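The values are calculated or read from the model by the stated rules, or taken from the named source; none is laboratory data. None of the values given here were measured: they were computed from a predicted structure. In this analysis, Cβ positions are derived from the backbone assuming ideal geometry, glycine residues included, and neighbour counts consider all displayed protein chains. Areas reflect the complete protein model, heavy atoms only, side chains present, ligands, DNA and RNA absent. Shrake-Rupley method; radii C 1.70, N 1.55, O 1.52, S 1.80 Å.
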Amino acid sequence: MIHAYIMLLIVGIILAAGLAALPAGSQRLGQQDYNKRGKVSDCHRLKGKGGNRLALLPCSIRSSIISSLTIKEAVVTSAVCKGWRHLWRDTQTLVLEDKTFVPTGADLDERAQKKKEQLKKFVEWIDRILNQHVSITIDVFKIKSGLGSRHDEAITRWLILPSRKK
Amino acid sequence: MSKKTLTLMSKDKQLFNIEEHLAVQSVTIRNMVKEDGASSVIPLPRVDSETLALVIEYLNRQQAPEEDEDYVKKFVDERGEIPTLLELAQAALDLDIKKLMDAACMKVADLIKDFTLEEVREALRIENDRTPEEEKAIRDEFQWAF
């Protein structure tokens, strides 16, 4: 627990960049896909030259690949096809970082305002990710962000999650 | 006492010899040896000869335990093609050689991590099974990731 705190603080200092737009809400990942098409097609049949050479990738290989990615990369990779879509929720490695979010704006005031909004959204985003994360075990847990002391409560909330897992 | 040798047979019926004490780094082979002595040929119907040659090369490594982590990383680094790495991961999974499988998967992750969605599909040769509307819904939901 204390270790995690120290790490968080150090990383927080290193990284003070802002956040960019985050969508609020919108849950229901994939549910609509089921409804529209009724059946999930076999996306694991691999295409291209070599055809079925790779046949289908077993679950443990998919999970292992996803677990080596940050949550952002894991979400993109999980979107490749329907069979992969929940994989990121199972990842053993939760690396949450805000460096991909860079505020843009005409002047300093606008950027500062945007940064504030984005920080708020970043907090909501982590809450959402952690709520949807279902793996029982977790090997790595990192949050890299420039959150200030105003967010102590949120940070404490996040640190409870890995302490509950193995 | 001479060292006992095992023979492994790839999907395309090629035979590979390997000393038993090295082969049993594979948990699958270890269990086979325990069960029936595995005196005859061990068939590996899902591993092609190219991949099996790599696995054998890995099992034959002569490495001090403390250098082993570096070795396996370097080993997969030198085989940086994604299809080869996926085959290797699959073979390592079948043979239950955890270190090799983890390293191969980690290398694949490393190679695809900055890819766009389309590039990941291309690299892993996965067919897109979503309609453009469905794909847009995903992109909207996870806007921060794309």
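If you take the residues of the stretch A:50-65 that are open to solvent by 30 Å² or more (accessible area, probe 1.4 Å) and closer than 13 Å to B:Glu127 by Cα, which of them is modelled with the lowest pLDDT?
For the stretch A:50-65, the residue satisfying everything is A:Asn52.
Out of curiosity, is A:Ser68 modelled with pLDDT of 50 or more and either at the interface with chain B (Cβ under 7 Å from one of its Cβ atoms) or crowded, with 19+ Cβ neighbours inside 10 Å (or both)?
Spelling it out, A:Ser68 is indeed modelled with pLDDT of 50 or more and either at the interface with chain B (Cβ under 7 Å from one of its Cβ atoms) or crowded, with 19+ Cβ neighbours inside 10 Å (or both).
Quick one: which helices (runs of 4 or more DSSP H) lie wholly within the stretch B:63-146 and hold at least 2 residues that are in contact (Cβ under 8 Å) with a residue 60 or more places away in the chain?
B:82-95
What number of residues in the stretch B:102-117 are under 22 Å from B:Thr84 (Cβ atoms) and either of a type in the set (Lys, Arg) or open to solvent by 20 Å² or more (accessible area, probe 1.4 Å) (or both)?
8
Given (1) farther than 18 Å from B:Gln14 by Cα; (2) open to solvent by less than 40 Å² (accessible area, probe 1.4 Å), where does B:Val47 come up short, assuming only one miss?
Every condition holds for B:Val47 apart from (1).
Considering only residues that are closer than 30 Å to B:Arg30 by Cβ and either facing another protein chain (nearest Cβ under 8 Å) or small (Gly, Ala, Ser) (or both), which ones fall in the stretch B:96-146?
We begin by selecting, within the stretch B:96-146, every residue closer than 30 Å to B:Arg30 by Cβ; these are B:96-110.
Result: B:Met101, B:Asp102, B:Ala103, B:Ala104, B:Cys105, B:Met106, B:Val108, B:Ala109, B:Asp110.
Counting only residues that are at pLDDT 95 or above and not in a strand (DSSP E or B), how many does the stretch B:14-24 have?
The qualifying residues number 1.
Report yes if B:Thr28 is closer than 13 Å to B:Ala91 by Cβ and surrounded by 10 or more Cβ atoms within 10 Å (Cβ to Cβ), otherwise no. Even if it seems obvious, please write down each step before you answer.
Values: closer than 13 Å to B:Ala91 by Cβ: yes; surrounded by 10 or more Cβ atoms within 10 Å (Cβ to Cβ): yes.
When the stated conditions are applied, B:Thr28 passes them.
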